[in-house]
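A.B. asks: Once you've had a glance at the structure underneath, I'll fire off some questions.
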Amino acid sequence: MKKTSKSTKSSKRKKTSQTFEETFKVTGEELLGKVKNLVKEGNIRRLIIKDNKGRVIIEFPLTVGVVITVLLPVFAAIGALAALVTECSITVVREV
């Protein structure tokens, strides 16, 4: 008796997503307002706030379906941070 093996390839496609980064320079006074506006846009995967020397101060992911009430502590932290920095940059990682 001859055994034969049959190989099949799966035709499942993996959903690949592409991301790109955008950087905004803001003052401490503009920081919280800019972050809130960016969150409202909704297609953001990650927010990174850096000081004027390029060091990461705070970084947090934004997953799909994040409710604003979950972000209230984050907004409070960013508000406190805004009082301490004079100039910073916000790097936004978006998914296309």
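A.B. asks: Hey, can you tell me all the residues within the range 34-53 that are surrounded by 15 or more Cβ atoms within 10 Å (Cβ to Cβ) and among the acidic types (Asp, Glu)?
C.D. replies: Asp51
A.B. asks: Here's something else I'd like to know. Scan the range 52-62 residue by residue and report those that are farther than 19 Å from Leu84 by Cα and outside any strand (DSSP E or B).
C.D. replies: Leu62 - this is the single residue of the range 52-62 that is farther than 19 Å from Leu84 by Cα and outside any strand (DSSP E or B).
A.B. asks: Could you list, in sequence order, all residues of the range 73-96 that are closer than 16 Å to Glu29 by Cβ and of a type in the set (A, V, I, L, M)?
C.D. replies: Hits for the range 73-96 are Ile78, Ala80, Leu81, Ala82, Ala83, Leu84, Val85, Ile90.
A.B. asks: Now for a different question. Could you run through the range 31-51 and say how many residues are part of a helix (DSSP H, G or I) and either farther than 16 Å from Ala80 by Cβ or in contact (Cβ under 8 Å) with a residue 12 or more places away in the chain (or both)?
C.D. replies: 10
None of the figures in this text is laboratory data; all of them are computed from the coordinates on show. Fair warning: this is a prediction, and the values are worked out from it, not measured in the lab. Every residue, glycine as well, gets a Cβ built from its backbone with ideal geometry; the counts of neighbours run over all protein chains shown.
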